[in-house]
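Below is one structure; the comments refer to it alone.
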Amino acid sequence: QVQLAESGGGLVQAGGSLRLSCATSGSIFSIKAMGWYRQAPGNQRELVALTRGDGTTNYADFVLGRFTISGLNAKNTVYLQMNSLKPEDTAVYYCYVNHNYSAYWGKGTLVTVSS
């Protein structure tokens, strides 16, 4: 069973920054993709950012220019640097990994952005 450990959530004022981290127990050689989704109350879970073993990345339009995903080069860890945070970024952020084409999820970390 692949496990994920997230950290870095918290409370920040609008315009501030946070950095999320996610480490997985899975083998780096079996990771096809790793990244972050989020879910706000009453909303569906949505993609935030994803990085793949070949180095390609995907970002949701609403985070372009503000969030950056990194890591996964030689370590089983990805980071999400979140800058210029907005109140609408408030959500539970879930780490995701595609490990040998099976999906695994973290328990989530709460990010709250106050206005």
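The values are calculated or read from the model by the stated rules, or taken from the named source; none is laboratory data. Keep in mind that what you see is a predicted model, and the values were worked out from it rather than measured. Every residue, glycine among them, receives a Cβ derived from its backbone with ideal geometry; neighbour counts consider all protein chains shown. For accessibility, only protein heavy atoms count, side chains too; no ligands or nucleic acids. Shrake-Rupley method; radii C 1.70, N 1.55, O 1.52, S 1.80 Å.
Before moving on, here are some points about what is shown:
- With K and R counted +1 and D and E -1, the other residues having a Cβ less than 15 Å from that of Asp89 yield a net charge of +2.
- Note on the chain: with charges restricted to the Cβ of Lys and Arg (+1) and Asp and Glu (-1), its dipole about the Cα centre is near 160 debye.
- Accessible area (Å², per residue) of the chain, counting only protein heavy atoms and a probe of 1.4 Å: 53 Å²
- Overall dimensions of the chain as given by Cα atoms, namely Rg and Dmax in Å: 13.3, 42
- Legend: translational diffusion of the range 29-86 by Stokes-Einstein, Rh = Kirkwood radius over C-alpha pairs, 4 °C, 1.567 mPa s; D = 107 µm²/s.
- These residues, Tyr79, Tyr93, go from largest to smallest accessible area, 1.4 Å probe, as Tyr79, Tyr93.
- Using a probe radius of 1.4 angstrom, the carbon and sulfur fraction of the accessible surface of the range 1-99 is 46%.
- Estimated dipole of the range 51-93 in Debye, rounded to 20 [Cβ of Lys and Arg +1, of Asp and Glu -1, Cα centre]: 140 debye
- Amide N proximity, the range 50-93 versus Ser21 label position 7 Å along Cα-to-Cβ, cut-off under 19 Å: 51, 68-83, 93
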